[in-house]
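K.L.:
Shown below is the structure under consideration.
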Amino acid sequence: FDDHVAEYEAWFKKYPFVFETELAAIRKIWPAGKDAMSLEVGSGTGRFSKALGIRSGLEPSAGMDAKAEERGIETVRGVAEEMPYQNQQFDVVLMNFCISYFENLQRAFAEAFRVLKSGGVLIVGFIDKNSLLGKYYEGKRDKSVFYKAANYYSVIEVEEKMKAEGFKNPEIFQTLFNGLDNTNDIEPLVTGSGKGSYILIKATK
């Protein structure tokens, strides 16, 4: 990712309504008030953190990290499987479009549980591997630097791994019901899965 920051940023300009749909979906289920301690794991260039008012970012890529810092996000270099934070430090942890790149998803969820306060919330956003976009990305695996190293998950796989680490009361939401080039407006967020490509799972510690 270090050598492809410009390409990463260009994607958001090419598909503005995809980004706005995802952002609106997260905002709709965001649980905390303005003073909540929040962390985005895999914060990338800080686009979501900046828009959501997330205070802290954790990012392994130096190139992405530098761009996030330009946006005013306080980022720390590190990985999800070994978060450099204290126990029960955050009210909300967001993992958005990053779980496909974790080396150990189960360990990452265990770390999220550790750094969350009692009653804290984990929000996981990802592309369902069985969805329209999931199959599209899988088909581009050999042609894209961003997709070739990704591990895509089904909704049930992610939900079960979250439950295995102690997360409770998972709520599942979906949006993005069309292809990238056919997303020409902000799409609605509805409960459940099976129709939308972008999935959000919200669960509590």
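The values are calculated or read from the model by the stated rules, or taken from the named source; none is laboratory data. As the structure is a computational prediction, the values presented were derived from the model and not from experiment. No Cβ is skipped: glycine too gets one built from the backbone with ideal geometry, and neighbour counts run over all protein chains shown. Note: areas computed on protein heavy atoms with side chains; ligands, DNA, RNA excluded. Shrake-Rupley method; radii C 1.70, N 1.55, O 1.52, S 1.80 Å.
K.L.:
Test of understanding: among 84, 16, which residue is more than 20 Å from residue 171 (Cα to Cα), in contact (Cβ under 8 Å) with a residue 12 or more places away in the chain and open to solvent by 20 Å² or more (accessible area, probe 1.4 Å)? Before you say what the answer is, go through the steps one by one.
P.N.:
Numbers: 16 fails: in contact (Cβ under 8 Å) with a residue 12 or more places away in the chain.
Just one listed residue meets the conditions, 84.
K.L.:
Something else now. Yes or no: residue 150 aliphatic (A, V, I, L, M), at pLDDT below 95, under 16 Å from the mean Cα position of the chain (by Cα) and under 27 Å from residue 190 (Cβ atoms)?
P.N.:
Details: aliphatic (A, V, I, L, M): yes; at pLDDT below 95: yes; under 16 Å from the mean Cα position of the chain (by Cα): yes; under 27 Å from residue 190 (Cβ atoms): yes.
Yes, satisfied.
K.L.:
Would segment 92-113 turn up any residue that is open to solvent by 20 Å² or more (accessible area, probe 1.4 Å) and more than 22 Å from residue 155 (Cα to Cα)?
P.N.:
No - not one qualifying residue is present in segment 92-113.
K.L.:
So residue 108 clears everything in (1) more than 20 Å from residue 196 (Cβ to Cβ); (2) aliphatic (A, V, I, L, M); (3) assigned to a helix (DSSP H, G or I); (4) over 14 Å from the mean Cα position of the chain (by Cα) except one condition, right? Which one?
P.N.:
Every condition holds for residue 108 apart from (4).
K.L.:
Follow-up. With 195, 168 as the choices, which residue is farther than 23 Å from residue 109 by Cβ, in contact with a strand residue (DSSP E or B) (Cβ under 9 Å, 6 or more places away or on another chain) and either of a type outside the set (A, V, I, L, M) or surrounded by 14 or more Cβ atoms within 10 Å (Cβ to Cβ) (or both)?
P.N.:
195
K.L.:
Looking only at residues in segment 19-37 that are in contact with a helix residue (DSSP H, G or I) (Cβ under 9 Å, 6 or more places away or on another chain) and either aromatic (Phe, Trp, Tyr) or modelled with pLDDT under 95 (or both), which one is most open to solvent (accessible area, probe 1.4 Å)?
P.N.:
So the first thing to find is which residues in segment 19-37 are in contact with a helix residue (DSSP H, G or I) (Cβ under 9 Å, 6 or more places away or on another chain), and the list is 19, 22-23, 26-27, 30.
Those left that are additionally either aromatic (Phe, Trp, Tyr) or modelled with pLDDT under 95 (or both): 19, 30.
Working: 19: 21, 30: 56 Å².
Checked segment 19-37; the qualifying residue most open to solvent (accessible area, probe 1.4 Å) is 30.
K.L.:
Taking residue 127 and the conditions (1) in contact with a helix residue (DSSP H, G or I) (Cβ under 7 Å, 6 or more places away or on another chain); (2) closer than 18 Å to residue 156 by Cα; (3) open to solvent by 10 Å² or more (accessible area, probe 1.4 Å); (4) in a helix (DSSP H, G or I), which numbered condition does it fall short on, given that it satisfies the others?
P.N.:
Residue 127 satisfies all of (1) in contact with a helix residue (DSSP H, G or I) (Cβ under 7 Å, 6 or more places away or on another chain); (2) closer than 18 Å to residue 156 by Cα; (3) open to solvent by 10 Å² or more (accessible area, probe 1.4 Å); (4) in a helix (DSSP H, G or I) except (4).
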